[in-house]
Amino acid sequence: MTSYTLKQAADLLHAKKISAVELANEYLAAIEAKNPALNGYITLNKELTLAEAQAADARIATGNAGALTGVPVAFKDIFCQTGWKSACSSKMLDNFVSPYTATVVQNLLNEGMVTLGRTNMDEFAMGSTNETSFYGATKNPWNPEHVPGGSSGGSAAVVAARLAPAALGSDTGGSIRQPASHCGITGIKPTYGVVSRFGMVAYASSFDQAGPMAQTAEDCALLLNAMASFDERDSTSLERAKEDYTRDLNQPLKGIKIGLPKEYFGSHNSADVQTALQQVIVLLKQQGAEMVDVTLPQTELSIPAYYVLTSAEASTNLSRYDGVRYGHRAAQFGDLEEMYSNTRAEGFGSEVKRRIMIGTYVLSHGYYDAYYLKAQKLRRLVANDFQTALQGCDLILGPAAPTAAPKLGSNIQDPVQMYLSDIYTIAVNLAGLPAMSLPAGFSSDGLPVGVQLIGNYFSEAKLLNVAHQVQQNSDWHLKAPE
């Protein structure tokens with residue numbers, strides 16, 4: 001049962017060929033057997049999971065089921081949910097049980113989906129390898145010597161390992177797309193503001209966006225239908241008419257123009273990534289798509305702009321963790337100032353401390369104009385580059401990452417190298433555009449390789465259409481680790 005796509009599981013549940021309780025028990029048994037080695041889940045609660053499954057079966061029996069009622073889902077540990085520990089994979093929040101539920105989680109619960117557990121992640125979503133977690137690194141299910149990517153590495157790993165048909169992730173600079181690529185699954189980051197951020201622990205508020213991760217583009221479209229909504233509790237939430245993101249899945253690709261940025265096809269990509277890109281280009285051409293050359297000249301400058309801006313926002317957002325109201329508090333301190341400093345020294349990991357220090361520095365007097373203000377100007381230039389490029393094409397194709405998943409420990413001691421691995425994903429977040437990763441083959445040593453599709457604002461349905469058509473003519477997305 002655990003090999004079903006989300007769509008297959010939903011169809012079987014609605015046909016009453018399986019029950020939500022049966023399906024949940026199958027996944028819980030698989031998690032018990034495989035998760036200790038994978039470390040993809042960090043919080044489980046069998047009683048809560050089965051209670052939700054029983055409620056889903058009752059809805060199905062009365063004919064009151066939604067499209068996804070009874071389907072299990074995993075939530076990245078960044079999303080708050082009543083009654084569940086929401087630690088953001090940090091010692092700072094290791095004892096925090098949320099008193100409220102994130103809007104995007106509630107939307108899926110309203111559909112009748114069943115919570116399997118909380119997935120591991122880089123601490124406070126800061127990292128690209130899932131190695132900064134307080135609970136230890138998640139392993140890549142294709143090869144446990146390699147990382148699953150980050151920061152949504154736990155979500156990507158449990159979907160790839162068939163320990164969940166779908167999972168929620170968050171994407172600040174590629175944290176859905178890069179781990180989806182490294183684990184051989186599909187993931188989409190919607191246009192900024194389409195999905196509510198209320199109840200999602202903040203890293204960099206003007207970048208963070210929740211999105212679905214699943215085996216297929218069709219699964220992601222079904223999830224996005226339920227996830228997207230206006231939320232008055234989120235000041236950045238967009239008030240828009242409800243969309244059906246499955247509406248264009250079966251549209252032919254004849255005549256669609258795909259932009260190929262010259263900056264995305266250089267020698268810095270591994271041979272495996274170049275091969276994957278060419279395979280997808282061939283598939284798209286066979287279906288009538290036209291390839292056009294475009295340019296994104298600010299690509300290399302997007303990295304310093306991104307890390308200046310996100311670190312600045314992180315230093316502000318994480319100032320709330322002081323040991324006073326909730327979370328970790330140091331046991332030994334002399335006065336209030338010492339309680340603050342000891343609590344933060346003990347509660348935060350090294351990568352989080354590094355970004356807080358960078359952010360505080362660039363916001364400080366005398367450096368604001370030199371760093372923060374210049375980075376904001378660069379952000380506008382990056383967004384302008386995309387608009388110029390998209391005038392000549394419908395979507396942009398490129399790598400999700402320059403290589404397949406690196407080995408555990410290979411980048412964690414070299415922060416700059418880790419930051420450079422995000423070169424193809426972070427510009428999308430600077431501009432607030434939608435983008436997705438889809439499987440496109442395997443490296444010479446058997447690791448998944450993904451490619452990235454980027455669209456203009458609110459073009460999620462077109463992105464999903466192209467990805468779905470690629471998947472209708474390939475089987476990379478159906479392969480699972482042994």
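The values are calculated or read from the model by the stated rules, or taken from the named source; none is laboratory data. Worth saying up front: this structure is predicted, and the values here are computed from it rather than measured. Positions of Cβ are generated from backbone atoms using ideal geometry, with glycine treated the same way; all protein chains shown enter the neighbour counts. Quick note on the areas: whole protein, heavy atoms, side chains included, nothing else; ligands and nucleic acids left out. Shrake-Rupley method; radii C 1.70, N 1.55, O 1.52, S 1.80 Å.
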Legend entry - Within the chain: Cβ-based charge dipole about Cα centre, in debye rounded to nearest 20 (Lys, Arg +1; Asp, Glu -1): 300
Inset, instruction - Evaluate the Debye formula for the stretch 137-281 with equal point scatterers sitting on the alpha carbons, no solvent, and hand back log10 of I(q)/I(0) at q = 0.13, 0.16, 0.17, 0.19 Å⁻¹, in q order, two decimals. - result: -0.68, -1.00, -1.10, -1.26
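Got a sec? What order do W476, W84 fall in by accessible area at 1.4 Å, biggest, i.e. largest, first?
W476, W84
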Legend entry - Net charge dipole size for the stretch 294-442 [Lys, Arg +1 and Asp, Glu -1 on Cβ; Debye, nearest 20]: 100
Legend entry - Rounded FRET efficiency, nearest 0.05, which uses the C-beta distance separating T388 from Y326 and R0 of 41 Å: 0.35
Inset, instruction - Bin all alpha-carbon pair distances of the stretch 215-288 at 10 Å intervals from 0 and give each bin's fraction as a whole percent. - result: 15, 27, 31, 23, 5
Legend entry - Probe 1.4 Å - accessible area at E218, Å² to nearest ten: 60
Legend entry - Cβ-defined net charge surrounding I454, 12 Å radius [Lys, Arg +1; Asp, Glu -1]: 0
Legend entry - Mean residue ellipticity (222 nm) of the chain, computed from DSSP H runs ≥ 4 via -39,500 (n - 2.57), nearest 500: -11500 deg cm²/dmol
Inset, instruction - Tell me which residues come under 5 Å, amide H to amide H, from Y41 once H is placed; ignore anything under 5 positions away on its chain. - result: N120
Inset, instruction - Report, by chain and number, residues whose modeled amide H sits under 5 Å from the one on W84, excluding near sequence neighbours (fewer than 5 apart, same chain). - result: S98
Inset, instruction - Among A24, T43, I256, pick out the residue whose Cα is farthest towards the positive end of the charge dipole of the chain, where Lys and Arg carry +1 and Asp and Glu carry -1 on C-beta, about the Cα centre. - result: I256
Legend entry - Normalised contact order of the chain, rounded percent, pairs of Cα under 8 Å and 6 or more residues apart: 18
Inset, instruction - Kindly state, to the nearest 0.05, the FRET efficiency for K374 paired with L48, given R0 = 45 Å and r defined as their beta-carbon distance. - result: 0.40
Legend entry - Length gained when the stretch L336-Q287 is fully extended (0.36 nm per residue, less Cα-Cα span): 11.1 nm
Inset, instruction - Please list the non-local residues whose amide H lies under 5 Å from the amide H of A166, H modeled 1.01 Å from N, same-chain partners needing a gap of 5 or more. - result: A74
Legend entry - Correct choice for Cα Rg over 2.2 N^0.38 Å that was computed from the model, options (1) 1.00; (2) 0.92; (3) 1.17: (2)
Inset, instruction - Calculate, for the chain, the solvent-accessible area per residue in square angstrom, rolling a 1.4 angstrom probe over the heavy atoms of the protein chains. - result: 37
Legend entry - FRET efficiency estimate (nearest 0.05) - Cβ-Cβ, S364 to K16, R0 56 angstrom: 0.35
Legend entry - Hz values of 3J(HN,Hα) by residue in the stretch 289-295 - Karplus curve (6.51, -1.76, 1.60), Gly and Pro given as x: 6, 10, 8, 10, 7, 9, 9
Legend entry - Sequence-separation-based contact order of the stretch 33-183, relative, with Cα cut under 8 Å and 6+ spacing, percent: 26
Inset, instruction - Quick one: compute a quarter of the convex hull surface over the Cα atoms of the stretch 295-414 and quote it in nm². - result: 11.0
Legend entry - Relative contact order of the stretch 254-306, defined on C-alpha pairs under 8 angstrom at six or more residues apart (%): 58
Legend entry - In Å², nearest 10: area of V273 left accessible to a 1.4 Å probe: 0
Legend entry - Residue-level accessible surface for R247, protein heavy atoms, 1.4 Å, Å²: 120
Legend entry - Spread of Cα-to-Cα distances over 10 Å intervals beginning at zero, given as percent, for the stretch 349-460: 12, 31, 33, 21, 3, 0
Inset, instruction - With a ≥ b ≥ c taken as the square roots of the eigenvalues of the C-alpha gyration tensor of the stretch 121-194, please select rounded if a/c is under 1.5 and otherwise prolate if a/b is larger than b/c or oblate if it is not? - result: oblate
Legend entry - the stretch 84-127 - convex hull of alpha carbons, volume per residue in Å³: 83
Inset, instruction - Would you calculate the separation in nanometres between label points at R247 and F458, each defined as 7 Å from the Cα along the Cα-to-beta-carbon direction? - result: 1.1
Legend entry - Full-stretch length increase - E346, E32 - with 0.36 nm per residue and alpha-carbon distance subtracted: 109.9 nm
